[in-house]
């Protein structure tokens, strides 16, 4: 719902930082308007109407007033506070990692309902402890896909021939893999990707191309999950041009 | 920022006031001109007290509270309960608890909270120092009085997980409704906590 002065939308709380003495600058990921920075006035006061609503990872319904420079929060009602995630350090570290990825990959005020739904599903999976590791990988691939930076996993990036079933070296700088015939010794940023991981990524890519819903219909063993996590972390850091700050804590508690 | 009409010295004073938390350009200007009008003696006292605070203040080597004597008055007071440590995030939290007058034990100031999204982990806080204290002192109870936000609760959870095997009693301050608050205006998270933590009267 939009008027000239206010708008109402569903949102997830991605980040917050101090703004003056008692205000907070909240990074909201809204369903309708994308990522929006919003000032929550007096949110640091114990009797503030916003203090519990603006906690990290909360799913909220917000009413936002348009400002000259920054918008401000008028109302904030909690839809889901994901207490299950917040009462477990391992789950919390994963939720915050997903949240930080969105902060880094999504531009301000650019609506992206697919990524919003993907993050919401990821948080629901964490809350229900439903295939946690697979959900994390699924979310990261969704984010990469809907940010327009999904690499090529099926064919050689140079000659377009199908890649053989074997371990390969992935090059983030070219967004794919060179087959054995096209290997370029000048490329230096290669990352080894195991045959099983590549098989899974090809499966996902085919699903995307055929516009099918690509929920996990494959069982992935623990080693492949570990390799996929390692690969995705390297690729996401390369694409975002920075290391995610929350990875240190993620590794510490998992 | 440009404040037309101010001399370079006055402008410098305005800029310095402007660095303080909660002080905007207008307030900085007002404070600077107020100071100029003040008698010289009061201005000198203010300047001296700022300098003396900066020169004499250190962190207590035991609890890491801000103090002018090491150890601080709270740590060296033998009348306080020596078997309880209250862990707080900031020196201001300690002062707020002291003002309440309801706690008579020892403190430990962490100087922050775990905030993964801002890259602040346990190594950036005084958590190692807390464990060193628990090893060397005879402590029966640790009160984890961190803030009630995600970062504060994550910090409390992290310390609680590490302390679980030590046999030390770990407690947190009660969560729930604020004194003088109407029930109908409390949000669902606060009410939920209050109902979970209900007690007999």
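Structure notes:
- Kirkwood hydrodynamic radius of the stretch B:146-201, from the reciprocal of the average inverse Cα-Cα distance over all distinct pairs: 13.1 Å.
- Applying 1/(1 + (r/R0)^6) with r as the Cβ-Cβ distance of residue B:166 and residue A:252 and R0 = 22 angstrom yields a FRET efficiency of 0.65.
- Ratio Rg/Rh [Cα only; Rh per Kirkwood] for chain A: 1.02
- In the frame of its principal axes, the stretch B:122-171 has Cα extents of 30, 22, 16 Å, reported largest first.
- Extension gain, residue A:219 back to residue A:21 (0.36 nm per residue minus Cα-Cα distance, nm): 66.2 nm
- Where the Cα pairs of the stretch A:23-121 fall when distances are cut into 10 Å bins, in %: 15, 47, 34, 4, 0
- Full-extension gain in nm, residue A:132 to residue A:188, via 0.36 nm per residue minus C-alpha separation: 16.8 nm
- Projected label distance in nm at residue A:240 and residue B:95, using a 7 Å step from Cα toward the beta-carbon: 3.6 nm
- Full-extension gain in nm, residue B:80 to residue B:198, via 0.36 nm per residue minus C-alpha separation: 39.5 nm
- In the frame of its principal axes, the protein assembly as shown has Cα extents of 84, 65, 53 Å, reported largest first.
- In nm, spacing of pseudo-spin labels at residue B:136 and residue A:166 (7 Å Cα→C-beta vector): 6.0 nm
- Shape of the stretch B:72-127, Cα gyration tensor, a/c cut at 1.5: prolate
- In terms of overall dimensions, the C-alpha atoms belonging to the stretch A:6-81 reach 30, 30, 18 Å along their principal axes, ordered largest to smallest.
- The stretch B:80-171: proportion of alpha-carbon pairs further apart than 22 angstrom, %: 22 percent
- Normalised by 2.2 N^0.38 Å, with N the number of residues, the alpha-carbon radius of gyration of the stretch A:133-254 equals 1.05.
- Per-bin percent of Cα-Cα distances, the stretch B:8-56 [10 Å]: 25, 50, 24, 0
- When Rg and the Kirkwood radius Rh are both evaluated on Cα atoms of chain B, their ratio Rg/Rh stands at 1.07.
- Modelled spin labels at residue A:90 and residue A:208, positioned 7 Å past Cα toward Cβ, are 2.9 nm from each other.
Readers should treat all values here as calculations from the given coordinates under stated rules, not as data from a laboratory. For clarity, every value in this text was computed on a predicted model and none was experimentally measured. Please note: Cβ atoms are built from the backbone with ideal geometry, for glycine as well, and neighbour counts cover all protein chains shown.
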